[in-house]
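The block underneath contains the structure these notes are about, expressed in structure tokens.
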Amino acid sequence: MTSPFRVLSAKGPAVGQKPPILEINGLGMHYHVNGSVKPILDTIDLAVQPGELMCILGPSGCGKTSLLNVLAGFAEPSAGQVLAHGRAVSGPGPDRCMVFQEDALFPWLTVAENIGFGLKGKGLSRRGRREMVDRYLSLVGLSPFGDYLPAEISGGMKQRVALARVLILEPAILLMDEPFVALDSQTRQEMQELLLRLWKRFSHTIVFVTHDVREAVTLADRVVMMDKNPGRVKQVVDIDLQRPRDPGNNGFHRQCKQLDDLLRRQYGQAL
Amino acid sequence: MVWLTAARLELAPPYVLPHPGEVIEAGYIYIFGSPGSGMYAGRFFTDAKASLVRVVFGFGIAAAAGIPLGVLSGRLPAADRLLGTSINGLRAVPGISWLPLALIWFGIGMKTTVFLVALAAFFPIYINAAGGVRQVNPSLLKAGAMMGIRRLRGTFAVLLPGAMPQLVSGLRLGLGISWAYLVLGELTGVQHGLGAVIMDARMVGRTDVIIVGIILIAVIGRTSDRLLVSSLRLCFKSARRSI
């Protein structure tokens, strides 16, 4: 049990007191392609603390999305296991909600109906549901757009809806799969700020997958750097910058450069 | 215009191509004439009702079987292997070749026609349903699952609405084919029905009535298609907002 994470987390701030909300033990995954075994993830060991914002950073093809799919319960690991709240994950559930990279709203439902979708069958009155939907609409700044269809709103607004429809279920864990990658940089920045505001308010645990170093440094408490072929944890870096973080700040730049160098070394090895 | 000129110039004898005026008159008598006042007078409503009942039953059976089986085939590879092969094998058989068998099984009349209509309408409904659910964005299904929607409810809340455009296409194609096979079934010598009138008119040499029958089937077929689409739109949000 001498994975790099455990060594690093030992000196991490205030880590290890509470039991982790999400525990990944010896996780491995492979696909069978034309009779040969293609490894995707190799012995991943990670523990996510309650309330933590963890970014998983790595080049495309390193298995970040596969890892997230396993955490969400959409995919089964080939080896090892995932514990959420101390219990083994055996399928998707509203305690671990995912915000997808691409637009995954129901196109036949309005913005408000999309947000209220997960509330169906929860024994809420029509009015109670409506009120909750209104509250979350305003929380993500979309109050005037409740009756619009997804096809009628912009990409950034769609991701706001995607965020609201999972937040309304009050999940303990939020899984985010490069949710802002398709947005322009201005909108992406707004969405990052919105996410941080909501995180501060609800203090859920967030696992955020990205390939963007600046995004990771903007958001994360800890950054898990991943290697590819097969995907494994290369290094875990604590981001100790004070919040709110200023991208113009020297410390911010240093942090970005450090991660950039680490990534580049990784590519160097691959070549 | 071409028809009018051809008739005026008597390019073809009237029993091949009657004058449009005659056709209109025959149509008027067929629809509005008082029953008994002429050979085809006032028969339209009885015939249309008989045909409509056959189409509704046949199409209803096709939809009731085609959509669930299509959904199974589209979602479960095992079901697809089981169903897909045999259904696609049957599909290769032209509908007309079922006619003799249907006549032996069901005799002349209602049942044979309903059988042929149901059989013919089934394939487009089934194939489009299977293709439709196969094409539903997997992220939508994942999203439904993580929001706590279980399998059966997910089918109605996510899968079917997601496949709605293809489901509607399949139903429309199926309904169109229903009318074609209705006529085939009714040509076998049933008493009432739009196809029966056409066959009957051929035997007594009333070309004008044949043309009237063809036009009426076209009009009713078209109307029923519009009706199908609007009722689907009325009943389902997903149909209203995606087609």
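The values are calculated or read from the model by the stated rules, or taken from the named source; none is laboratory data. All figures in this text were calculated on a predicted structure; none of them were measured in a lab. As a convention, Cβ positions derive from the backbone with ideal geometry for all residues, glycine included, and neighbour counts pool all protein chains shown.
Taking B:Arg153, is it more than 14 Å from chain A (Cβ to nearest Cβ), more than 23 Å from B:Val55 (Cα to Cα) and of a type outside the set (A, V, I, L, M)? Let's see the steps before the verdict.
Working: more than 14 Å from chain A (Cβ to nearest Cβ): no; more than 23 Å from B:Val55 (Cα to Cα): yes; of a type outside the set (A, V, I, L, M): yes.
Judged against the criteria, B:Arg153 is not a match.
Looking at B:Gly38, B:Gly42, B:Gly58, can you tell me which residue is at positive phi and either surrounded by 13 or more Cβ atoms within 10 Å (Cβ to Cβ) or part of a helix (DSSP H, G or I) (or both)?
Values: B:Gly38 fails: at positive phi; B:Gly58 fails: at positive phi.
After ruling out the rest, the residue left standing is B:Gly42.
Give the residues of segment B:225-243 that are in a helix (DSSP H, G or I) and within 14 Å of another protein chain (Cβ to nearest Cβ), sorted by residue number.
B:Leu232, B:Arg233, B:Cys235, B:Lys237, B:Ser238, B:Ala239, B:Arg240, B:Arg241, B:Ser242, listed by residue number.
Any residue in segment A:119-132 that is over 18 Å from A:Asp177 (Cβ atoms), modelled with pLDDT under 95, within 11 Å of chain B (Cβ to nearest Cβ) and within 24 Å of the chain's Cα centre (by Cα)?
yes
Taking the criterion of being under 22 Å from A:Ile239 (Cα atoms) and at pLDDT 90 or above, would at least one residue in segment A:23-37 satisfy it?
Here is the first cut: in segment A:23-37, the ones under 22 Å from A:Ile239 (Cα atoms) are A:23-24.
Then keep just the ones that are at pLDDT 90 or above; that gives A:23-24.
Within segment A:23-37 (the criterion being under 22 Å from A:Ile239 (Cα atoms) and at pLDDT 90 or above), the answer is yes, since at least one residue qualifies.
Can you name the residue in segment A:145-173 that is among the small types (Gly, Ala, Ser) and part of a helix (DSSP H, G or I) and is also farthest from A:Gln189 (Cα to Cα) among such residues?
Of everything passing the filter in segment A:145-173, A:Ala151 is farthest from A:Gln189 (Cα to Cα).
Name the residues in segment A:202-240 that are out of contact with any Ser or Thr (no Cβ under 7 Å at 6 or more places or on another chain), within 21 Å of A:Val166 (Cβ to Cβ) and among the hydrophobic types (A, V, I, L, M, F, W, C), would you?
Once the filter is applied, which keeps residues that are out of contact with any Ser or Thr (no Cβ under 7 Å at 6 or more places or on another chain), within 21 Å of A:Val166 (Cβ to Cβ) and among the hydrophobic types (A, V, I, L, M, F, W, C), segment A:202-240 yields A:Phe202, A:Ile206, A:Val207, A:Phe208, A:Leu219, A:Ala220.
So, restricting to helices (runs of 4 or more DSSP H) that lie completely within segment B:134-198, which ones have at least 1 residues that are in contact (Cβ under 8 Å) with a residue 40 or more places away in the chain?
Values: elements: B:138-146, B:151-154, B:164-186.
Passing ranges, in order: B:164-186.
Scan segment B:197-224 residue by residue and report those that are buried (at least 16 other Cβ atoms within 10 Å of the Cβ) and either of a type outside the set (A, V, I, L, M, F, W, C) or within 14 Å of chain A (Cβ to nearest Cβ) (or both). First the steps, then the outcome.
The initial filter retains those residues of segment B:197-224 that are buried (at least 16 other Cβ atoms within 10 Å of the Cβ), namely B:197-201, B:206-213, B:216-217, B:220-221, B:224.
Within segment B:197-224, B:Asp200, B:Arg206, B:Thr207, B:Asp208, B:Gly213, B:Gly221, B:Ser224 meet the criteria.
Can you pull out the residues in segment A:68-84 that are hydrophobic (A, V, I, L, M, F, W, C) and either within 21 Å of A:Pro19 (Cα to Cα) or in contact with a strand residue (DSSP E or B) (Cβ under 6 Å, 6 or more places away or on another chain) (or both)?
Here is the first cut: in segment A:68-84, the residues hydrophobic (A, V, I, L, M, F, W, C) are A:68, A:70-72, A:74-75, A:79, A:82-84.
If the condition is that a residue be hydrophobic (A, V, I, L, M, F, W, C) and either within 21 Å of A:Pro19 (Cα to Cα) or in contact with a strand residue (DSSP E or B) (Cβ under 6 Å, 6 or more places away or on another chain) (or both), then A:Leu68, A:Val70, A:Leu71, A:Ala72, A:Ala79, A:Val82, A:Leu83, A:Ala84 are the ones that fit.
Could you tell me which of the residues A:Ala84, A:Ala112, A:Ala72, A:Ala104 is at negative phi, within 16 Å of the chain's Cα centre (by Cα) and more than 10 Å from chain B (Cβ to nearest Cβ)? Working first, answer last.
Details: A:Ala112 fails: within 16 Å of the chain's Cα centre (by Cα); A:Ala72 fails: more than 10 Å from chain B (Cβ to nearest Cβ); A:Ala104 fails: more than 10 Å from chain B (Cβ to nearest Cβ).
Criteria check complete, one pass: A:Ala84.
Would you check if there is a residue in segment A:141-159 being touching a helix residue (DSSP H, G or I) at 6+ places or on another chain (Cβ under 7 Å), of a type in the set (S, T, N, Q), surrounded by fewer than 17 Cβ atoms within 10 Å (Cβ to Cβ) and not assigned by TED's automatic domain parsing to the domain that holds A:Gly251?
The answer is yes; a qualifying residue exists.
Can you name the condition, by its number, that A:Ile115 falls short on among (1) of a type outside the set (S, T, N, Q); (2) in the same structural domain as A:Thr205 (by TED's automatic domain parsing); (3) touching a Phe, Trp or Tyr at 6+ places or on another chain (Cβ under 7 Å)?
Among (1) of a type outside the set (S, T, N, Q); (2) in the same structural domain as A:Thr205 (by TED's automatic domain parsing); (3) touching a Phe, Trp or Tyr at 6+ places or on another chain (Cβ under 7 Å), the lone unmet condition for A:Ile115 is (2).
Pick from segment B:104-121 the residues that are assigned to a helix (DSSP H, G or I) and among the small types (Gly, Ala, Ser): which of them is surrounded by the fewest Cβ atoms within 10 Å (Cβ to Cβ)?
Taking segment B:104-121 and keeping what is assigned to a helix (DSSP H, G or I), we get B:104-106, B:110-121.
Restricting the remaining residues to those that are among the small types (Gly, Ala, Ser) gives B:118, B:120-121.
Details: B:Ala118: 24, B:Ala120: 26, B:Ala121: 32.
Per the criteria, the residue is B:Ala118.
Scan segment B:219-228 and tell me whether some residue there is more than 16 Å from the chain's Cα centre (by Cα) and in contact (Cβ under 8 Å) with a residue 24 or more places away in the chain. Reasoning before the result, please.
Looking only at segment B:219-228, we keep the residues that are more than 16 Å from the chain's Cα centre (by Cα), and these are none.
Within segment B:219-228, not a single residue is more than 16 Å from the chain's Cα centre (by Cα) and in contact (Cβ under 8 Å) with a residue 24 or more places away in the chain.
Show me the helices (runs of 4 or more DSSP H) found entirely inside segment A:182-271 where at least 3 residues are under 15 Å from the mean Cα position of the chain (by Cα), at positive phi and among the small types (Gly, Ala, Ser). Spell out the reasoning first.
On the way: elements: A:185-202, A:213-219, A:250-270.
Passing ranges: none, list empty.
Pairs needed: first member in segment B:80-95, within 23 Å of B:Leu116 (Cβ to Cβ); second member anywhere, in a helix (DSSP H, G or I) and of a type in the set (A, V, I, L, M, F, W, C); C-beta distance under 7 Å; at least 6 residues apart or different chains.
From residues that are within 23 Å of B:Leu116 (Cβ to Cβ), the pairs are B:Leu83/B:Leu69; B:Leu83/B:Leu72; B:Arg91/B:Phe123; B:Gly95/B:Leu116; B:Gly95/B:Leu119; B:Gly95/B:Ala120.
Quick check on A:Gly61: is it within 19 Å of A:Leu263 (Cβ to Cβ) and either in contact (Cβ under 8 Å) with a residue 60 or more places away in the chain or outside the structural domain of A:Leu259 (by TED's automatic domain parsing) (or both)?
It is true that A:Gly61 is within 19 Å of A:Leu263 (Cβ to Cβ) and either in contact (Cβ under 8 Å) with a residue 60 or more places away in the chain or outside the structural domain of A:Leu259 (by TED's automatic domain parsing) (or both).
Of the residues in segment A:134-144, how many are more than 14 Å from chain B (Cβ to nearest Cβ) and assigned to a helix (DSSP H, G or I)?
Qualifying residue count, segment A:134-144: 7.
Could you tell me how many of the residues in segment B:157-174 are touching an Asp or Glu at 6+ places or on another chain (Cβ under 8 Å) and buried (at least 24 other Cβ atoms within 10 Å of the Cβ)?
As a first pass, look at segment B:157-174 and keep what is touching an Asp or Glu at 6+ places or on another chain (Cβ under 8 Å): B:172.
Retained after the next criterion (residues that are buried (at least 24 other Cβ atoms within 10 Å of the Cβ)): none.
Number satisfying all stated conditions: 0.
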